[in-house]
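K.L.:
Sharing a structure below in C-alpha cells format, with a few things to ask.
The values are calculated or read from the model by the stated rules, or taken from the named source; none is laboratory data. Note that the coordinates shown come from a computational prediction; the quantities given were computed from them, not determined experimentally. As a convention, Cβ positions derive from the backbone with ideal geometry for all residues, glycine included, and neighbour counts pool all protein chains shown. Areas reflect the complete protein model, heavy atoms only, side chains present, ligands, DNA and RNA absent. Shrake-Rupley method; radii C 1.70, N 1.55, O 1.52, S 1.80 Å.
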Amino acid sequence: NVAGDGGGGQGNHLPGAYATATRRAFGSRYRSNPLAQEKTGEFWVNDRMLGTHTRADFEHCDVGLFLGKNPWFSHSIPRARVVLREISKDPNRTLIVVDPRRTRSAELADIHLQVLPGRDAWLLSAILAILIQEKLVDERFVAEHTTGFDAIVSTFSKVSVAQYCEYAGVPEEQVRRAALAVGRAKCFASFEDLGVQMNHHSTVCSYLHKLLWSLTGNIGKPGAHYIASPIQALADGRYKRDSPVTGSRIIGGMIPCNVLADEMLLDHPKRFRALIVEATNPAHSLAESRRFREACRSLDTMVVIDVAMTETAREADYVLPASTQYEKAEATFFNFEFPGNCFHLRAPILDAPEGDGACPLPEAEIHARLVEASGALDEAPLDALSMAAAKGLDTYGQAFVAHVAFNPKWMGLAPVILYRTLGPSLPKGLEVSAVLWGLVLGAATRIPKSLARAGFTGSPMEAANKLFRAMLEQPSGVVFAVDEWEDVLGRLNTADGKIQLHLADLLDVVKGLNEGPEAGDPEYPFILCAGERRSFTANTILRDPHWRRSDSEGAMRISPGDAEKYRLKSGDAIRLTTENGSAVVHVEVSDMMRE
Ligand SMILES: Nc1nc2c(c(=O)[nH]1)N[C@H]1C(S)=C(S)[C@@H](COP(=O)(O)OP(=O)(O)OC[C@H]3O[C@@H](n4cnc5c(=O)[nH]c(N)nc54)[C@H](O)[C@@H]3O)O[C@H]1N2
Ligand SMILES: Nc1nc2c(c(=O)[nH]1)N[C@H]1C(S)=C(S)[C@@H](COP(=O)(O)OP(=O)(O)OC[C@H]3O[C@@H](n4cnc5c(=O)[nH]c(N)nc54)[C@H](O)[C@@H]3O)O[C@H]1N2
Ligand SMILES: [Mo]
C-alpha cells in the first residue's frame, strides 16, 4: 500500500492537482492531508445537513459570530481587519467572539463569550435552548427549508440554560444577550475554526453551529450564509470506507492524519509500505510527532517534495526539491467569494536557482518525471495532443475530448498529460498552469450559469477556453463566477433539497451533555492550547526566529490567578508536562488568559 500525504499548502494548490496523477501511476489508493485533522468533522456534518459547504457574508451582516477563531490574524474572510473594525465600530451591528482567550478579535467584540476551554458544546446548546425556549426561531424558514425540527425542539426545550452556562463558564446574562442578538438579527454571519475544530466535541460543535444559523433562517440572503461556486469543488464530506489498518472513517477521501502513524506502524498485512509527502510537514505539525517519525522509519520507501529540508524530509529516502512559490506560477483553490468570485494565477517573479543536476523544479515537472519513470505514460497519445496544442486551444480541446476525456486510463493521468502537451504552448513561466485548463473545463460543466454571468459564455468548451485565456492574460486575477442570492437555497444538495436538522447520532451526543463535563484528571489540571496564528507565521512553519517579533523564544501564557496559585512570574523557566511529553518553557503571565 502506497499512501500520499499533503498535496498543497495554503497558497500552493497546483501541485495537489498534479499529485493525483502520480498517485494513480503508482497505484496508491489512500491519501491524507491536514484538512483531515481539523475540517473533515465539519465536512461530514455539512454533507449530511446540506450536501454542500457554506460561507458567510460578514461584510453585510448585522450580527457576526466567530467561534474559536481569531480572524484578525488568521483572516479566511475577505478584508478581515477592515470588516472586523467596521462591525465593531457600528452601534447597530454586533460582533460576537467565542474564545477562552481575549484575542485581538475578542477585544473588538461587543460580546466576548469567554468560554472555558473545551466547553463550547454546552455554550452552543445553551444558545440554541434560548432560541427555542424564547421562540426566536424563524418558523417560516424552518417550515419551508428544513426537516427534522421536532427532534430539535424536544431536545433543546429540556435544556437547563442556567446549568449549561455554568458548565460553559460564561455568565447566563451574557449568553442570553448573545442568543437574543442572533435570534433578532436581520442577517447573521458565522465562522467556526480551530478553537472548536481541534477540541473536545469537535464534530458536535460543528453540528450545533450549523443549527444556529439554520434555525434562524440565515442562509440565502445578503449578510448571511451562502453556497459559493469555487473553481475546483472542495472535498465533499462523504463517508464511504474505512482506513485499511485502524478502520478509521475516511471522510471526503482523506484518512485522519493522526492515525497515519498507526496505518504505517501496526503489524497488519495492509499497512502502508511507502509514503509520498508533498508540501506538508507531518513530522512537525501532527500530534505525537515522535511516533510519526518512528512510523516513517518503518517504511520501505519515503519520498518528500518540499522547498525546505524539513523535519519530515530528514526522515525520507528521497527528497525532491521544489522551486518556491516565487519561482513558479501558483494559485489557491480556496475561492469562496460571493457574489463575485475571484481566481488569481500568480506569475513567477524570480528564477529558480540552478545547481549541478539537483536544481529545484516545479512540482508539475517532478510529477511528470515520476509518472514517466513509472511507465504509465508509455502508450499515451502525447504526440497527437502536442500537435493539436500547437494549433491553438480550440483544436487542443477537441483532441483532448477525442483521446483522453472518455478513456479512464488517460483521464487518471490527465494533469501530467496536460502539462506535457498543452504546457509547452503556454506563455513562458506559466507552463505549470496547464492542469488549470482541465479544472476550468470541469467548472464550465458544473457551474455554467455562474461563469456566463462573469462573461464566460458559450458551450462548456467555449466558456472554458475563454476563461483559461483570461486567467493567463490577467496577472491580477479574474472574476470567474458571479452568483445570485436567489440561487443559494437551490444549491442545497440533500435528497429533498432541505436542510436536515436531525442528525440522530450527533443529537444523541447533544442529549448526553446534560450529564455535565467529565471530571478531568487531577494530575493534569490545565488544558494546553498549542499554536496561534500570527501575522508572520504560516501554520507551523517558523524557519526564521525573527518572524516572532514579540516573543522570539516562545512562551507559555497563563492567567494571573493560576500563576499566583503556582507562584509563577513572567520569565520563569518551568517544566511543562503533558500526558505525552515534557519540555522546559518560559512563562508569560497574561490577563488575556482566563483561569
Ligand atoms: N500545535 C499545533 N499543531 C498544529 C496546528 C496548531 O495550531 N498547533 N495547526 C494545524 C493546522 S490547522 C494545519 S492546517 C496543519 C498544517 O500543517 P502542515 O501541512 O505540515 O503545514 P506547514 O507547516 O504549513 O507545512 C507546509 C510545508 O510546505 C512546504 N512548502 C511551502 N511552499 C511549498 C511549495 O511551493 N512546494 C512544496 N512542495 N512545498 C512547499 C513548507 O516548507 C512546509 O514544509 O498544522 C496543524 N498542526
Ligand atoms: N497569518 C496566518 N493566517 C492563517 C494561518 C497561518 O498560519 N498564519 N493558517 C491558516 C489555517 S491552516 C487555519 S486552519 C486558520 C486557523 O485560524 P484560527 O482558528 O483563527 O487559528 P488560531 O490562531 O489557532 O485560533 C484559534 C483560537 O481558538 C481559541 N481556542 C482555544 N481553545 C478554545 C476553546 O476551547 N473554545 C473556543 N471557542 N476557542 C478556543 C484560541 O484561543 C485561538 O484564539 O488560519 C489560517 N490563516
Ligand atoms: Mo489549518
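K.L.:
Output the residues belonging to the stretch 418-436 that are surrounded by fewer than 24 Cβ atoms within 10 Å (Cβ to Cβ) and free of Cβ contacts under 8 Å to residues at least 40 places away in the same chain.
P.N.:
Correct list: 424, 425, 428.
K.L.:
For residue 440, state whether it is in contact with a strand residue (DSSP E or B) (Cβ under 7 Å, 6 or more places away or on another chain) and touching a residue at least 24 places away in the same chain (Cβ under 8 Å).
P.N.:
Taking the combined requirement at face value, the residue does not satisfy it.
K.L.:
Which residue pairs have Cβ atoms closer than 7 Å, lie 6 or more positions apart in sequence or on different chains, and pair a first residue in the stretch 16-41 that is within 16 Å of ligand 3 (Cβ to nearest atom) with a second residue that is charged (D, E, K, R) and not in a helix (DSSP H, G or I)?
P.N.:
As it stands, the answer is 32/5; 33/5, since those pairs meet every condition given.
K.L.:
Regarding the stretch 165-187, can at least one residue be identified that is small (Gly, Ala, Ser), touching a strand residue (DSSP E or B) at 6+ places or on another chain (Cβ under 8 Å), within 30 Å of residue 34 (Cα to Cα) and not in a helix (DSSP H, G or I)?
P.N.:
No, because not a single residue in the stretch 165-187 is small (Gly, Ala, Ser), touching a strand residue (DSSP E or B) at 6+ places or on another chain (Cβ under 8 Å), within 30 Å of residue 34 (Cα to Cα) and not in a helix (DSSP H, G or I).
K.L.:
Given the structure, is residue 70 within 30 Å of residue 324 (Cβ to Cβ) and open to solvent by 10 Å² or more (accessible area, probe 1.4 Å)? Walk me through it before giving the result.
P.N.:
Details: within 30 Å of residue 324 (Cβ to Cβ): yes; open to solvent by 10 Å² or more (accessible area, probe 1.4 Å): yes.
Here the answer is yes, as residue 70 does meet what is asked.
K.L.:
Then there is this: Let me spell it out: the conditions are (1) in contact with a helix residue (DSSP H, G or I) (Cβ under 6 Å, 6 or more places away or on another chain); (2) over 26 Å from residue 473 (Cβ atoms); (3) open to solvent by 10 Å² or more (accessible area, probe 1.4 Å), and residue 415 meets all of them except one. Which number is the exception?
P.N.:
Tallying (1) in contact with a helix residue (DSSP H, G or I) (Cβ under 6 Å, 6 or more places away or on another chain); (2) over 26 Å from residue 473 (Cβ atoms); (3) open to solvent by 10 Å² or more (accessible area, probe 1.4 Å), residue 415 fails exactly one: (2).
K.L.:
Sort out for me the strands (runs of 3 or more DSSP E) sitting completely within the stretch 233-314 that have 1 or more residues that are open to solvent by less than 60 Å² (accessible area, probe 1.4 Å) and of a type in the set (S, T, N, Q).
P.N.:
Fully inside the stretch 233-314 and qualifying: 301-306.
K.L.:
Within the bounds of the stretch 559-580, is there any residue that is open to solvent by 90 Å² or more (accessible area, probe 1.4 Å), at positive phi and of a type outside the set (Ser, Thr, Tyr)?
P.N.:
yes
K.L.:
Hey, another quick one. Could you list all residues from the stretch 70-125 that are more than 23 Å from residue 159 (Cα to Cα), in contact (Cβ under 8 Å) with a residue 40 or more places away in the chain and aromatic (Phe, Trp, Tyr)?
P.N.:
73 - this is the single residue of the stretch 70-125 that is more than 23 Å from residue 159 (Cα to Cα), in contact (Cβ under 8 Å) with a residue 40 or more places away in the chain and aromatic (Phe, Trp, Tyr).
K.L.:
Does the stretch 6-19 contain any residue that is part of a strand (DSSP E or B), touching a helix residue (DSSP H, G or I) at 6+ places or on another chain (Cβ under 8 Å), more than 12 Å from ligand 2 (Cβ to nearest atom) and within 21 Å of residue 414 (Cα to Cα)?
P.N.:
yes
Here's the yes/no breakdown for (1) part of a loop (DSSP other than H, G, I, E, B); (2) within 28 Å of residue 292 (Cα to Cα); (3) open to solvent by less than 40 Å² (accessible area, probe 1.4 Å):
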| position | (1), (2), (3) |
| --- | --- |
| 321 | no, yes, no |
| 326 | yes, no, no |
| 333 | yes, no, yes |
| 336 | yes, no, yes |
| 350 | yes, no, no |
| 354 | yes, no, no |
| 367 | no, yes, yes |
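K.L.:
Go through the stretch 444-488 and count every residue that is under 25 Å from residue 144 (Cβ atoms), surrounded by fewer than 18 Cβ atoms within 10 Å (Cβ to Cβ) and under 23 Å from the mean Cα position of the chain (by Cα).
P.N.:
0
K.L.:
Let me ask something else about it. What number of residues within the stretch 500-551 are assigned to a loop (DSSP other than H, G, I, E, B) and either within 16 Å of ligand 1 (Cβ to nearest atom) or not acidic (Asp, Glu) (or both)? So that I can check it myself, show each step before the final result.
P.N.:
Keep residues of the stretch 500-551 that are assigned to a loop (DSSP other than H, G, I, E, B), which gives 501-503, 516-537, 539-540, 542-544, 548-551.
Checking which are either within 16 Å of ligand 1 (Cβ to nearest atom) or not acidic (Asp, Glu) (or both) leaves us with 501-503, 516-517, 519-520, 522, 524-537, 539-540, 542-544, 548-551.
Looking only at that region, the number is 31.
K.L.:
Are there any pairs, at least 6 apart or on different chains, whose C-beta atoms fall under 6 Å, with the first in the stretch 517-539 and open to solvent by less than 60 Å² (accessible area, probe 1.4 Å) and the second near ligand 2 (Cβ under 6 Å from one of its atoms) and not in a loop (DSSP other than H, G, I, E, B), and if so, which?
P.N.:
Taking only residues 6 or more apart or on different chains, the pairs are 534/73.
K.L.:
Among the numbered conditions (1) out of contact with any helix residue (DSSP H, G or I) (no Cβ under 7 Å at 6 or more places or on another chain); (2) part of a helix (DSSP H, G or I), tell me where residue 471 comes up short.
P.N.:
If we test residue 471 against (1) out of contact with any helix residue (DSSP H, G or I) (no Cβ under 7 Å at 6 or more places or on another chain); (2) part of a helix (DSSP H, G or I), just (1) comes out false.
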